[in-house]
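Colleague: Questions regarding the structure given below will be posed in turn.
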Ligand SMILES: Cc1cc2nc3c(=O)[nH]c(=O)nc-3n(C[C@H](O)[C@H](O)[C@H](O)COP(=O)(O)O)c2cc1C
């Protein structure tokens with residue numbers, strides 16, 4: 001019998017859609033793929049304005065859902081669900097957390113799930129939040145693939161700003177292409193046959209080690225430290241901004257602006273220093289960081305890891 005796979009995702013620019021198309025492209029004839037894209041009822045405009053972009057932080061971090069457009073998920077006996085999503089502000093994107101809190105997410109109940117992330121490079125807290133939601137839904141995370149921008153952290157920040165505020169993903173005169181590199185998007189096809197083989201035998205325990213062996217996740221210890229520092233501040237600011245109202249409320253704009261200024265200063269002025277202290281910390285505590293890297297590359301869930 002054919003293996004039935006449900007692919008669920010949201011993609012604002014289409015990047016994650018491409019990643020998922022390539023992922024299933026080399027699965028053999030013995031698979032039946034059903035793809036469903038979920039979208040918010042009111043779309044997030046792309047390219048973003050600076051205001052709409054930073055104003056989306058509190059609801060991303062606090063996982064406050066928005067209504068989704070009606071979708072039809074064909075009723076089938078799915079053997080596996082592939083959930084594609086992206087982090088926004090170190091958290092699951094608003095469309096993703098909305099989906100996971102909606103009735104549609106019941107399709108995940110009792111199912112093996114593989115998460116596929118298309119990110120800049122900071123995705124740890126988002127994945128911990130998704131792991132927790134999958135648990136609540138009684139789904140079993142069996143595999144995870146993370147595609148990130150492999151350029152230097154500051155370069156990837158500049159290119160993602162260019163991409164999000166102008167729509168330009170391609171390389172420009174001084175900067176490389178934004179987001180996940182085209183070659184990596186193509187190469188994701190190599191994971192398809194691995195997933196298929198495991199799914200045929202339902203040997204789910206073997207999946208994540210096999211995916212990691214093929215390079216499914218790269219993770220630098222310094223990014224763990226930087227993300228832990230970042231999410232702490234985001235959580236505080238999210239609550240502070242929401243004291244002045246919901247997303248789009250003009251009353252909260254001064255606080256959003258303050259957040260934007262502090263974030264950009266933190267990134268472009270302080271980040272060489274914080275990057276250096278993070279590197280030192282990871283060198284002095286190598287075995288602790290080895291453990292953390294292994295944890296975040298894995299599929300287990302422990303509370304408060306970040
Ligand atoms: C509002 C917003 C916030 C983002 N925050 C992060 C982040 O915290 N970490 C990260 O690695 N990428 C971040 N990204 C990049 C996205 O995760 C994603 O890679 C990119 O938006 C392309 O996704 P798409 O397929 O939906 O177009 C952010 C993007 C947006 C639009």
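The values are calculated or read from the model by the stated rules, or taken from the named source; none is laboratory data. It should be emphasised that the depicted structure is a prediction, and the values quoted were computed from it without experimental measurement. Backbone-built Cβ (ideal geometry, glycine too); neighbour counts: all protein chains shown.
Colleague: Filter the range 163-190 for residues that are touching a strand residue (DSSP E or B) at 6+ places or on another chain (Cβ under 6 Å) and either over 22 Å from residue 125 (Cβ atoms) or in a helix (DSSP H, G or I) (or both) and give the result.
Modeller: 184, the sole residue that qualifies.
Colleague: Still on this structure: Looking at (1) within 12 Å of the ligand (Cβ to nearest atom); (2) farther than 28 Å from residue 277 by Cα, which one does residue 156 not meet, given that it meets all the others?
Modeller: Every listed condition holds for residue 156 apart from (2).
Colleague: Anything in the range 204-232 that is farther than 17 Å from residue 150 by Cβ, modelled with pLDDT of 95 or more and more than 17 Å from the chain's Cα centre (by Cα)? List them, or say none.
Modeller: 204, 205, 206, 207, 208, 209, 210, 211, 213, 232
Colleague: Residues in the range 1-13: is at least one within 15 Å of the ligand (Cβ to nearest atom), more than 30 Å from residue 235 (Cβ to Cβ) and part of a strand (DSSP E or B)? Explain how you work it out, then say what you get.
Modeller: Narrowing the range 1-13 to residues within 15 Å of the ligand (Cβ to nearest atom): 7-13.
Remaining after also requiring more than 30 Å from residue 235 (Cβ to Cβ): 7.
Filter once more, so that each one left must be part of a strand (DSSP E or B): 7.
Scanning the range 1-13, I find at least one residue that is within 15 Å of the ligand (Cβ to nearest atom), more than 30 Å from residue 235 (Cβ to Cβ) and part of a strand (DSSP E or B), so the answer is yes.
Colleague: Enumerate the helices (runs of 4 or more DSSP H) found wholly within the range 47-162, keeping only those where 3 or more residues are over 29 Å from residue 205 (Cβ atoms) and either out of contact with any helix residue (DSSP H, G or I) (no Cβ under 8 Å at 6 or more places or on another chain) or free of Cβ contacts under 8 Å to residues at least 60 places away in the same chain (or both).
Modeller: It comes to 94-100.
Colleague: Within the range 131-142, identify whether any single residue is within 14 Å of the ligand (Cβ to nearest atom) and at pLDDT 95 or above, and answer yes or no. Can you show your working first?
Modeller: Step one: filter the range 131-142 for residues within 14 Å of the ligand (Cβ to nearest atom), giving none.
For the range 131-142, residues within 14 Å of the ligand (Cβ to nearest atom) and at pLDDT 95 or above: absent.
Colleague: Among 28, 17, which is the only one that is in the same structural domain as residue 76 (by TED's automatic domain parsing), within 14 Å of the ligand (Cβ to nearest atom) and out of contact with any strand residue (DSSP E or B) (no Cβ under 6 Å at 6 or more places or on another chain)? First the steps, then the outcome.
Modeller: Numbers: 28 fails: within 14 Å of the ligand (Cβ to nearest atom).
Answer to the check: 17.
Colleague: Right, residue 267: closer than 22 Å to residue 293 by Cα and either under 22 Å from the mean Cα position of the chain (by Cα) or free of Cβ contacts under 8 Å to residues at least 24 places away in the same chain (or both) or not? Can you show your working first?
Modeller: Values: closer than 22 Å to residue 293 by Cα: no; either under 22 Å from the mean Cα position of the chain (by Cα) or free of Cβ contacts under 8 Å to residues at least 24 places away in the same chain (or both): yes.
When the stated conditions are applied, residue 267 does not pass them.
Colleague: Would you check if there is a residue in the range 82-99 being more than 16 Å from the ligand (Cβ to nearest atom) and farther than 30 Å from residue 244 by Cα? Spell out how you get there, then give the answer.
Modeller: Step one: of the range 82-99, the residues more than 16 Å from the ligand (Cβ to nearest atom) are none.
No, the range 82-99 contains no residue that is more than 16 Å from the ligand (Cβ to nearest atom) and farther than 30 Å from residue 244 by Cα.
Colleague: Oh, and also: Filtering the range 31-46 down to residues that are exposed (fewer than 15 other Cβ atoms within 10 Å of the Cβ) and part of a loop (DSSP other than H, G, I, E, B), which residue is nearest to the ligand (Cβ to nearest atom)?
Modeller: Only one residue tops the list, namely 46.
Colleague: Pairs, please: C-beta under 6 Å, at least 6 apart or cross-chain, first residue in contact (Cβ under 8 Å) with a residue 40 or more places away in the chain and in the range 1-30, second more than 8 Å from the ligand (Cβ to nearest atom) and assigned to a loop (DSSP other than H, G, I, E, B)?
Modeller: 3/79; 4/76; 4/78; 4/79; 6/78; 10/38; 30/2
Colleague: Just to be sure before I move on: is residue 82 under 17 Å from residue 130 (Cα atoms) and surrounded by fewer than 18 Cβ atoms within 10 Å (Cβ to Cβ) in the structure I sent?
Modeller: Values: under 17 Å from residue 130 (Cα atoms): yes; surrounded by fewer than 18 Cβ atoms within 10 Å (Cβ to Cβ): no.
No: the conditions fail for residue 82.
Each row is one residue, and each column tells you yes or no for (1) within 21 Å of residue 160 (Cα to Cα); (2) in the same structural domain as residue 155 (by TED's automatic domain parsing); (3) touching a helix residue (DSSP H, G or I) at 6+ places or on another chain (Cβ under 9 Å).
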position: 231; (1), (2), (3): yes, no, yes
position: 236; (1), (2), (3): no, no, no
position: 240; (1), (2), (3): no, no, yes
position: 250; (1), (2), (3): no, no, no
position: 261; (1), (2), (3): yes, no, no
position: 265; (1), (2), (3): yes, no, no
position: 270; (1), (2), (3): yes, no, no
position: 284; (1), (2), (3): no, no, no
position: 305; (1), (2), (3): no, no, yes
